[in-house]
Amino acid sequence: MNNVIEQLIQNYDPKNSIDVKIAIREIAQSIVLIGLSRSNFFSKASFYGGTALRIFYGLNRYSEDLDFTLNAADDSFSLTPYIESIINVAKSYGIDLSIEVKKVETPIESAFAKLNTYQTFITLNIDERLINKLHKNELIKVKFEVDCNPPLGFNVENKWITEPELASVNVLDIESLFAGKLHAILCRNYKNTVKGRDFYDFIFYINKKIKPNLHYLKNKLIESKKIDEDDEFNIDILKEMLVERFNQIDFKQVRDDAQRFVMKNEDLSLYCKELFIDCVNRM
């Protein structure tokens, strides 16, 4: 079955080992989703975040992690019953994937899918000149997380993965995804490094003329203690919050971070406070 994966990698038209590793990581992301789908994971959970936006809604940037939310709170939820299915899908394509479930005392259940980069390049018949540049213990990792006690109010659509095979995935609709991104912009603690990908995604939603799911956003802001349950919340209040946030942001950091993840060459030099405030006014 390696020929299927080899063809998928060739579709990326990789120019160097970094491009090949990006392709393999994204294929591994799809394998995780297929394995979860086969094990009926999506009867309980839904896919969201930047990778969901890239795979199912056409976002033009790389995304490293897979984020899921349960459709209803369940403190007893565990990823462990779903791991074997993911590993079996990987094996069916000749990929040796290991998965480690991370146990922490939080509502977030985490796991890491790992594969040895050097061995995977050999298995997939990657150009030997690229293989020779790899460290033999280097790993490609895909982190995936499930929020087991999520704020509710999101809406879900059924989507299909088509490569390397068909699989059904429940995904937050684009309005709910936009709400999640707005929550990240308003509540993420950037400390010394701004996550420019959040702002790149914001522009994506604005250009698509997407309206955020305000009910879901309010519930997420309440959970983060950004607002209280009895507070009034509407589009005008949201706009005021965004303008205040954008006035605090170092947009050079936004440009520098976002540029590293853009899939095709895009000029982000015009990213500035004034642009983002103009986008707020167009919401």
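Just to verify a result, which residue in the range 105-160, among those that are buried (at least 18 other Cβ atoms within 10 Å of the Cβ) and of a type in the set (S, T, N, Q), is farthest from residue 64 (Cα to Cα)?
The extreme case among them is 120.
Tally time: how many residues in the range 162-182 are open to solvent by 30 Å² or more (accessible area, probe 1.4 Å) and assigned to a helix (DSSP H, G or I)? Give the derivation first.
Step one: of the range 162-182, the residues open to solvent by 30 Å² or more (accessible area, probe 1.4 Å) are 162-163, 165-166, 168, 170, 175.
Restricting the remaining residues to those that are assigned to a helix (DSSP H, G or I) gives 175.
Count: 1.
With the requirement that a residue be surrounded by fewer than 18 Cβ atoms within 10 Å (Cβ to Cβ) and either of a type in the set (Lys, Arg) or at negative phi (or both), what does the range 2-21 give you? Please lay out each step first, then the result.
Initial filter on the range 2-21 (surrounded by fewer than 18 Cβ atoms within 10 Å (Cβ to Cβ)): 2-4, 6-7, 10-13, 15-16, 18-19.
Scanning the range 2-21 gives 2, 3, 4, 6, 7, 10, 11, 12, 15, 16, 18, 19.
Output the residues belonging to the range 84-98 that are touching a residue at least 12 places away in the same chain (Cβ under 8 Å) and either closer than 23 Å to residue 126 by Cα or in contact with an Asp or Glu (Cβ under 9 Å, 6 or more places away or on another chain) (or both).
Once the filter is applied, which keeps residues that are touching a residue at least 12 places away in the same chain (Cβ under 8 Å) and either closer than 23 Å to residue 126 by Cα or in contact with an Asp or Glu (Cβ under 9 Å, 6 or more places away or on another chain) (or both), the range 84-98 yields 87, 88, 89, 90, 92, 93, 94, 95, 96, 97, 98.
Only residues that are part of a strand (DSSP E or B), of a type in the set (D, E, K, R) and in contact with a Ser or Thr (Cβ under 6 Å, 6 or more places away or on another chain): list them for the range 92-147, please. Give the derivation first.
The first filter runs over the range 92-147 and keeps only residues part of a strand (DSSP E or B), leaving 98-102, 108-116, 139-147.
Then drop every residue that is not of a type in the set (D, E, K, R), which leaves 100, 102, 109, 114, 141, 143, 145, 147.
102, 114, 145, 147, listed by residue number.
Whether any residue in the range 201-221 is in contact (Cβ under 8 Å) with a residue 60 or more places away in the chain and more than 24 Å from residue 157 (Cα to Cα) is what I want to check.
Scanning the range 201-221, I find no residue that is in contact (Cβ under 8 Å) with a residue 60 or more places away in the chain and more than 24 Å from residue 157 (Cα to Cα), so the answer is no.
I need the full set of residues from the range 228-259 which are assigned to a loop (DSSP other than H, G, I, E, B) and in contact (Cβ under 8 Å) with a residue 24 or more places away in the chain, in order please. Before you say what the answer is, go through the steps one by one.
Here is the first cut: in the range 228-259, the residues assigned to a loop (DSSP other than H, G, I, E, B) are 228-234, 247-250.
Once the filter is applied, which keeps residues that are assigned to a loop (DSSP other than H, G, I, E, B) and in contact (Cβ under 8 Å) with a residue 24 or more places away in the chain, the range 228-259 yields 247, 249, 250.
For the range 68-91, give me each residue that is surrounded by 13 or more Cβ atoms within 10 Å (Cβ to Cβ), polar (S, T, N, Q) and not in a helix (DSSP H, G or I).
69, 71, 78
The values are calculated or read from the model by the stated rules, or taken from the named source; none is laboratory data. Fair warning: this is a prediction, and the values are worked out from it, not measured in the lab. So basically every Cβ, Gly included, is an ideal-geometry build from the backbone, and we count neighbours across all protein chains shown. SASA here: full protein model, heavy atoms, side chains in, ligands and nucleic acids out. Shrake-Rupley method; radii C 1.70, N 1.55, O 1.52, S 1.80 Å.
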